[in-house]
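First up is the structure itself, then whatever we jot down about it.
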Amino acid sequence: QVHLEESGGGLVQAGGSLRLSCAASGRTFSDLDMGWFRQSPGKEREFVAAISGRGATTRYADSVKGRFTISRDTANMLFLQMSSLKPEDTAVYSCAAQTAAGTWVFWGQGTQVTVSS
(Lines give C-alpha, C1' and ligand atoms only; values in the text may rest on other atoms or scores of the structure.)
Protein backbone atom coordinates (compact mmCIF):
# COMPACT_ATOMS: atom_id res chain seq x y z
CA GLN A 1 0.00 0.00 0.00
CA VAL A 2 1.37 3.40 -0.98
CA HIS A 3 2.03 5.73 1.92
CA LEU A 4 3.49 9.24 2.06
CA GLU A 5 4.34 10.77 5.41
CA GLU A 6 5.55 14.31 5.96
CA SER A 7 7.60 15.59 8.87
CA GLY A 8 9.58 18.67 9.85
CA GLY A 9 6.83 21.25 10.18
CA GLY A 10 6.62 23.61 13.12
CA LEU A 11 6.61 27.20 14.32
CA VAL A 12 9.32 29.55 13.08
CA GLN A 13 9.85 33.29 13.07
CA ALA A 14 9.76 35.27 9.85
CA GLY A 15 13.12 35.07 8.14
CA GLY A 16 13.81 31.63 9.55
CA SER A 17 14.20 28.25 7.90
CA LEU A 18 12.63 24.81 8.03
CA ARG A 19 13.29 21.56 6.22
CA LEU A 20 10.36 19.34 5.41
CA SER A 21 10.76 15.64 4.69
CA CYS A 22 8.44 13.16 3.01
CA ALA A 23 8.96 9.43 3.39
CA ALA A 24 7.37 7.42 0.58
CA SER A 25 6.72 3.70 0.76
CA GLY A 26 4.70 0.96 -0.88
CA ARG A 27 6.20 1.14 -4.35
CA THR A 28 9.15 2.53 -6.25
CA PHE A 29 8.94 6.29 -6.62
CA SER A 30 12.07 6.93 -8.65
CA ASP A 31 9.99 6.80 -11.83
CA LEU A 32 7.45 9.35 -10.56
CA ASP A 33 7.62 13.10 -10.35
CA MET A 34 7.02 14.27 -6.80
CA GLY A 35 6.03 17.59 -5.36
CA TRP A 36 4.91 19.77 -2.51
CA PHE A 37 1.62 21.57 -2.16
CA ARG A 38 0.24 23.79 0.58
CA GLN A 39 -3.13 24.92 1.83
CA SER A 40 -4.00 27.77 4.16
CA PRO A 41 -7.36 28.13 5.95
CA GLY A 42 -9.98 29.46 3.57
CA LYS A 43 -7.75 29.06 0.54
CA GLU A 44 -7.45 26.44 -2.16
CA ARG A 45 -4.52 24.08 -2.21
CA GLU A 46 -1.66 25.53 -4.22
CA PHE A 47 1.37 24.10 -5.95
CA VAL A 48 4.71 24.85 -4.30
CA ALA A 49 7.41 22.83 -6.05
CA ALA A 50 8.00 19.65 -8.04
CA ILE A 51 10.93 17.48 -9.02
CA SER A 52 11.28 14.90 -11.77
CA GLY A 53 11.75 11.20 -11.11
CA ARG A 54 15.53 11.28 -11.39
CA GLY A 55 15.81 14.73 -9.85
CA ALA A 56 17.10 16.37 -13.00
CA THR A 57 14.32 18.91 -13.33
CA THR A 58 12.66 21.14 -10.75
CA ARG A 59 9.97 23.78 -10.92
CA TYR A 60 8.62 26.23 -8.38
CA ALA A 61 5.72 28.52 -7.77
CA ASP A 62 6.73 32.13 -8.31
CA SER A 63 5.95 32.89 -4.67
CA VAL A 64 8.72 30.59 -3.41
CA LYS A 65 11.39 30.85 -6.12
CA GLY A 66 14.77 31.67 -4.68
CA ARG A 67 13.64 30.79 -1.14
CA PHE A 68 12.60 27.12 -1.32
CA THR A 69 14.57 24.18 -2.70
CA ILE A 70 13.08 20.79 -3.51
CA SER A 71 15.25 17.68 -3.59
CA ARG A 72 14.99 13.92 -3.39
CA ASP A 73 17.26 11.00 -2.71
CA THR A 74 17.39 7.41 -3.95
CA ALA A 75 15.68 6.05 -0.86
CA ASN A 76 12.18 7.33 -1.60
CA MET A 77 12.70 10.51 0.41
CA LEU A 78 11.55 13.95 -0.71
CA PHE A 79 12.66 17.21 0.88
CA LEU A 80 11.73 20.87 0.88
CA GLN A 81 14.27 23.31 2.26
CA MET A 82 12.48 26.55 3.10
CA SER A 83 14.43 29.71 3.85
CA SER A 84 13.54 33.37 4.34
CA LEU A 85 10.13 32.27 5.50
CA LYS A 86 7.29 34.77 5.51
CA PRO A 87 4.01 34.78 7.45
CA GLU A 88 2.20 34.14 4.18
CA ASP A 89 4.02 30.80 3.92
CA THR A 90 1.92 29.57 6.85
CA ALA A 91 -0.01 26.51 5.67
CA VAL A 92 -0.35 22.76 5.82
CA TYR A 93 2.29 21.36 3.48
CA SER A 94 1.65 18.04 1.75
CA CYS A 95 3.82 15.90 -0.47
CA ALA A 96 2.46 14.13 -3.50
CA ALA A 97 3.50 11.82 -6.33
CA GLN A 98 2.46 12.20 -9.94
CA THR A 99 1.78 9.46 -12.44
CA ALA A 100 3.17 9.47 -15.95
CA ALA A 101 -0.23 10.71 -17.10
CA GLY A 102 0.31 13.87 -15.08
CA THR A 103 -2.15 13.20 -12.29
CA TRP A 104 -1.22 13.73 -8.67
CA VAL A 105 -2.57 10.51 -7.22
CA PHE A 106 -0.62 9.81 -4.05
CA TRP A 107 -0.85 12.26 -1.16
CA GLY A 108 0.43 12.57 2.39
CA GLN A 109 -1.61 13.89 5.30
CA GLY A 110 0.38 17.09 5.60
CA THR A 111 2.50 18.91 8.16
CA GLN A 112 1.73 22.32 9.63
CA VAL A 113 4.13 25.19 9.05
CA THR A 114 3.47 28.38 10.97
CA VAL A 115 5.55 31.50 10.40
CA SER A 116 5.17 34.24 12.99
CA SER A 117 5.80 37.90 12.21
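The values are calculated or read from the model by the stated rules, or taken from the named source; none is laboratory data. Computed from a predicted structure; not experimentally measured. Cβ placement follows ideal geometry from the backbone for every residue including glycine, while neighbour counts extend to all protein chains displayed. Keep in mind that these areas ignore ligands, DNA and RNA; they rest on the heavy atoms of the full protein, side chains included. Shrake-Rupley method; radii C 1.70, N 1.55, O 1.52, S 1.80 Å.
Which condition number does A56 fail, the rest of (1) part of a strand (DSSP E or B); (2) open to solvent by 30 Å² or more (accessible area, probe 1.4 Å); (3) without any contact (Cβ under 8 Å) to a residue 40 or more places away in the chain being met?
Answer for A56: the failing condition is (1).
Yes or no, residue by residue, for (1) over 16 Å from L4 (Cα atoms); (2) open to solvent by less than 10 Å² (accessible area, probe 1.4 Å); (3) assigned to a loop (DSSP other than H, G, I, E, B):
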| residue | (1), (2), (3) |
| --- | --- |
| A49 | yes, yes, no |
| S71 | no, no, no |
| L85 | yes, yes, yes |
| A96 | no, yes, no |
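Quick check on segment 1-18: of everything there that is part of a loop (DSSP other than H, G, I, E, B) and modelled with pLDDT of 95 or more, which residue is least open to solvent (accessible area, probe 1.4 Å)?
Going residue by residue through segment 1-18, those that are part of a loop (DSSP other than H, G, I, E, B) are 1-2, 8-9, 14-17.
Now drop any that are not modelled with pLDDT of 95 or more, which leaves 8-9, 14-17.
Values: G8: 37, G9: 34, A14: 54, G15: 56, G16: 18, S17: 63 Å².
This residue is G16.
So which of S21, S63, S30 is in a strand (DSSP E or B) and either farther than 18 Å from G102 by Cβ or touching a residue at least 12 places away in the same chain (Cβ under 8 Å) (or both)? Please lay out each step first, then the result.
Numbers: S63 fails: in a strand (DSSP E or B); S30 fails: in a strand (DSSP E or B).
Answer to the check: S21.
Can you pull out the residues in segment 98-114 that are more than 16 Å from S7 (Cα to Cα) and either in contact (Cβ under 8 Å) with a residue 60 or more places away in the chain or of a type outside the set (S, T, N, Q) (or both)?
The answer is Q98, T99, A100, A101, G102, W104, V105, F106.
Among (1) modelled with pLDDT of 95 or more; (2) in contact with a strand residue (DSSP E or B) (Cβ under 8 Å, 6 or more places away or on another chain), there is one condition E44 misses while meeting the rest; what is its number?
The failed condition is (2).
As an exercise: evaluate V105 against (1) aliphatic (A, V, I, L, M); (2) exposed (fewer than 14 other Cβ atoms within 10 Å of the Cβ); (3) not in a strand (DSSP E or B) and give the number of the one condition it does not meet.
Here V105 meets the rest and fails (3).
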